[in-house]
Each structure stands twice: as structure tokens, then as C-alpha cells.
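Reading through the C-alpha cells given below for one structure.
The values are calculated or read from the model by the stated rules, or taken from the named source; none is laboratory data. Given the structure is predicted, the values throughout are model-derived calculations rather than measurements. Heads up, the Cβs are rebuilt from the backbone with ideal geometry, glycines too, and the neighbour counts pull from every protein chain shown.
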Amino acid sequence: MKGKFLAVVILLVCVPGLLFLNGCGGGGSSSSSPGGSGTVAVLLADGPADDYDSIWIWITKISLIPESNSDSPVVVFESDDPDGWKADLLDLRDQDAVVTVKDNIPAGRYGKIRLYIADIQPEGGVGPCDPADMEIKLPSGKIDLNPKGGFEVIPGETISIRIDIDCDKSISLHPAGLSGKCVFRPVVFVEIEKIESPRKCPRILKGTIDEIFDENTGFILLLGEGRGPLTVYLTDDVIIFGEDGSPVDKSELDEDQTVYVRGRLDAEGDLRASVIVIGNVLLVKGTVATPFDGDKFTLELMPPHIFAQNIVDVAVSYDTFVMMGCDQEVDPDVIRAGMIARVVGKVSLENQYIQAIAVLLKNQRVIGTLAAISGPDVDGGYELTVQVSDTETVKIYMPSGVEPYMANLGPVSIDTIIDLLDCGRTLGVSITVFSQDSSILTATDVRVHGIKVEGVVESIKPKDDYGMVQVTLIGGKVVDIPESAIIKNYWNPGMNEPTNEDIMLGDNLLVVGLNTCQGDDYYEAYMVIILPSD
């Protein structure tokens, strides 16, 4: 199996005769197991939602549903806790979480991934919705993700199933607008691909060493919570830290030890470890407030944490391992204000500081409203002006190789952005930046925030010569739906690849897109989901 399959799924209220809704649908031949077994790695990810501190999810079980109805579902994960395995989706903005890596999955074709969810709870933040007053839509606690065309487990091979719960598209105003509440309907994307080379580093894994291989080449790591065992191999340049935070030899690894492991999943579904920390350590995440001064830097902590204040000093020693991205070792001098840092270390509560064992760095993210764009320059780059507060703007250089996009929905053209700014439209953006010095910020990733609109179709203009269908929603909002828009019809889950011409009068729509220059109530859709009525 090559390439990626994408299913877009939204959790809805249960409707009689329509309890569990599919994603893309799609063909594929009938399932007949060729014999043998393969390995399935399940990863959890998130599309960013910048207005909340945390969005907690409790997952109880994940199953694969064979294309043949005569075959039983194959359980790849089941939580030991009846409340489910708990994860913070917003802690997964930059790194995927490994839910499980499961061997001995019967080879053959599968049509669905069934995800069982016990609860979802937003927490904190400054968004327009009060998390305590948010309405959560969960249909009987389970959902079917239906990748287009199904997927295949091949004997002796490993596939990854990456479940991306896009929080940014999941929170919207209630369609009726009467309750005054916001609704969290999880919009889920799933990517399935054969692992042919080591994947990017997932989030740090904590577990217990169950068995060490001969000559300390690796070990079996028990993840706990029903997530099963994971085979870990030591890379040639692995760095191991002992209980006191100092580097140690691999001979210090022992069975029954608690360890923290960072590395890459390989084509066999094993983890190739680049960093291992023995014993219980503190893991915190935050924004660098003051840069490295030769001995330490100051970190503004993101919740949750154990410190009395939100600001803490992080001591960096000669032995501290500092990394950018997955496993690129860098000098501590690159630690600059505004960067996102995840620190693994030992804590001194008395002196209120952290002795860092490892510092994992991500470039700064600038979040705000795009106020202006100028260019292109001779190299094809643009200068972006971002309004980050009522009184502050930030200028960012976007080189020619960086393309603005709407998360999971594709690119947003420069011409479209310029036209919208020229006619006074508002564009929310989240931009990852790198700075060679404090005065020049360069964009490495530019994400445009989509606007969400919900409503019932009151009238439709048929497709024009450019392939555009225009719908008017009750209340007066007008939506242009191009042929390129992603469209999903949940009234008819069996419908394969709906088009903009499949939208009907009376359909209840969730639209993600942008305002247009035609007026405040005019939008262009990038994604349309046809919902059952609430």
C-alpha cells in the first residue's frame, strides 16, 4: 500500500437509523485475508486550536473493521481504565502521541477504524466559548472513520494510522444560536500509510523496561494503560541519562526501571531511541521568556505544572542535551525568547528551578490577525504584518518557498490573501517563525484560520461556468462552494465522493472557509459537511 488516505469525520447527535456515520466511503474489493499478519501503529495528533489551554480526550478502545461483514472487528487498543486513556490534544500540536503499536494484526483489507471515546473536555483559555458551558456532541461514545477505498494490512509490514482530531474546526457556535452555548463536534482526519522509513519523532514515551536484549541492544517497553509493549532499539549515538540527570552507559539500564524514551518509529513498528532518561523526571512545556545566558534560561510555563509561579529558571549544564526538531543536536546558544521548549529534568522545589537533562526546542509561533502584506521582493518573498494585540504588531518575512494553507484543507493563494486584505477582510493566522537574531523573523509555516459558518440551506444557485455552486442559508449568509471544496454528506454515508451539486434545499451545513469581498455575510467554502438536523 502506498500513499495516504484521508477521511474527514464529524461526531454528531444520534439520529434514529443513523447512529454511526462514515467518512469518505469508497470502494475496494471484498475482504479475504491472505493469511499471515502485520503490525499497526496508532498515533494521535491535533490540528491547533489556539484559544484554549487544554482539550482533554478519553479514548477507551480502537478497533479495525474488516471489509467483510462476516469477520469480527480487530481490537488494536483497549484501555485498562474504564474511563479511558487520557490525552491532551493541544499538547500534540508539534508531536504525535503513540497510542499503541500492535503486532499480529490479521492481514487483509479493512474498511473502517472504530474509535470509542468516553469524553472530551476543553479547559482554560481566552476563546469566545466558556469550556464549562460547552455542549459536547458524542454519538454513543463511538465513531467510524471510513478512509476512502479502505486499507490493507500486509503480512510482515507495518502501517501507521494517524488520527488527527482538528480542534480548530471542531468548536463552533450552536447552529440555532438559541442556547448561547458553543458546540464541540470533533472533526477528525485520518491518514493511513505504510511506514517505509523512520517517522518523525513522536512525543516522549514513558514506560517500564520489561526485558533487556542481549548486549543491551534494546528492550521491551511496557507503556501501561492497555497500550501494550513496544520494542525499543538503541541507536549508535543514543544518549542515556541516569537518575541524577548525568550521562550514563547503557549497562545502567535494568529491568523494572521507569524510563522516558524519545526516538523514531521504524518500518517494523519499533522505536529507534535517541534519548533515554532513567527514573522519574519532570516534563514541562513553555515559552522561553529570556534567552540562554551561558548558565540558564527562563521559561514561562504552560499548564499544568507544579511550581508556585508561572516563570521558572532552567539550568543548563555541559551534559544537557539540547535538540531542535526531532533529534538535531544544537548548541544552547540557540535558545531564544519566544521559542517553545519542552524540558526534561530534575526539579528543586526549594529553590524553584529545573536542572535540565534535555531541552527540546520548537520555533516560536506568532498568533494574531494579518494586518498587511507587501511584496513580492526580488527573491519572491513577502513581508507580513501581524496584529498580535490591540497595541502591538509583528513583521515577519515569508520566503518564496513557504505557502500559506488552511490546516488539512489545502493552500490559500497569495492573490486571495491580498484581495481579502485590500477589501478589509480579517484573516486570523498562526505563523511558525525562525530568527537568526532578535530583529528578523522568518516564517517556516503560515496557517490561515478558517471561519466556521453553520445553517440550513434556503436557496441554491446552480453550478456556473466556473464550477461554482452558491447557497444561501436561513438568516442570509451566502456561501460560494467551488468544485475544489471538500464535501461530506452524512445523510447518505454510502455516497462516494459527493460534489457541490449534491447539496440540497433544507440541508444543515457546517462550512469552513473565508469571508469574500462581496460582503460581511459572503463566504467561500474550503470544506462543507452536510449534517443531520440537531
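Quick rundown of the values:
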| item | result |
| --- | --- |
| Any hit, region 370-390, residues being at negative phi, in a loop (DSSP other than H, G, I, E, B) and of a type in the set (Val, Ile, Thr) | yes |
| Scope region 276-302; condition β-branched (Val, Ile, Thr) and closer than 23 Å to GLY218 by Cα; matching residues | ILE276, VAL277, ILE278, VAL281 |
| First in region 392-412 and farther than 16 Å from GLY450 by Cα, second anywhere and among the hydrophobic types (A, V, I, L, M, F, W, C) and part of a loop (DSSP other than H, G, I, E, B), Cβ under 8 Å, 6 or more apart | VAL394/VAL388 |
| Tally of residues being at pLDDT 85 or above, surrounded by 13 or more Cβ atoms within 10 Å (Cβ to Cβ) and either more than 30 Å from the chain's Cα centre (by Cα) or acidic (Asp, Glu) (or both) across region 340-381 | 3 |
| Residues satisfying the stated conditions in region 434-479, i.e. surrounded by fewer than 16 Cβ atoms within 10 Å (Cβ to Cβ), out of contact with any Pro (no Cβ under 7 Å at 6 or more places or on another chain) and outside any strand (DSSP E or B) | SER438, SER439, PRO462, ASP464, ASP465, TYR466, ILE474, GLY475, GLY476 |
| Single residue of region 313-325 satisfying the filter (modelled with pLDDT of 90 or more and over 18 Å from VAL248 (Cα atoms)) that is surrounded by the most Cβ atoms within 10 Å (Cβ to Cβ) | VAL314 |
| Set GLY226, GLY242, GLY263: member being under 24 Å from the mean Cα position of the chain (by Cα), of a type in the set (Gly, Ala, Ser) and closer than 29 Å to ILE340 by Cβ | GLY263 |
| Residue within region 240-254 that is outside the structural domain of GLU78 (by TED's automatic domain parsing), modelled with pLDDT of 90 or more, among the aliphatic types (A, V, I, L, M) and touching a Pro at 6+ places or on another chain (Cβ under 8 Å) present | yes |
| Set ILE105, ILE62, ILE55, ILE117: member being assigned to a strand (DSSP E or B), at pLDDT below 80, in the same structural domain as VAL187 (by TED's automatic domain parsing) and not aromatic (Phe, Trp, Tyr) | ILE55 |
| Answer from GLY263, GLY245, GLY224, GLY207 - the residue that is buried (at least 19 other Cβ atoms within 10 Å of the Cβ), in contact (Cβ under 8 Å) with a residue 12 or more places away in the chain and part of a loop (DSSP other than H, G, I, E, B) | GLY245 |
| Breaking point among (1) aromatic (Phe, Trp, Tyr); (2) modelled with pLDDT of 85 or more; (3) assigned to a loop (DSSP other than H, G, I, E, B), for PHE307 | (2) |
| Residue in region 326-339 that is surrounded by the most Cβ atoms within 10 Å (Cβ to Cβ), counting only those that are within 23 Å of ALA273 (Cβ to Cβ) and modelled with pLDDT of 85 or more | PRO332 |
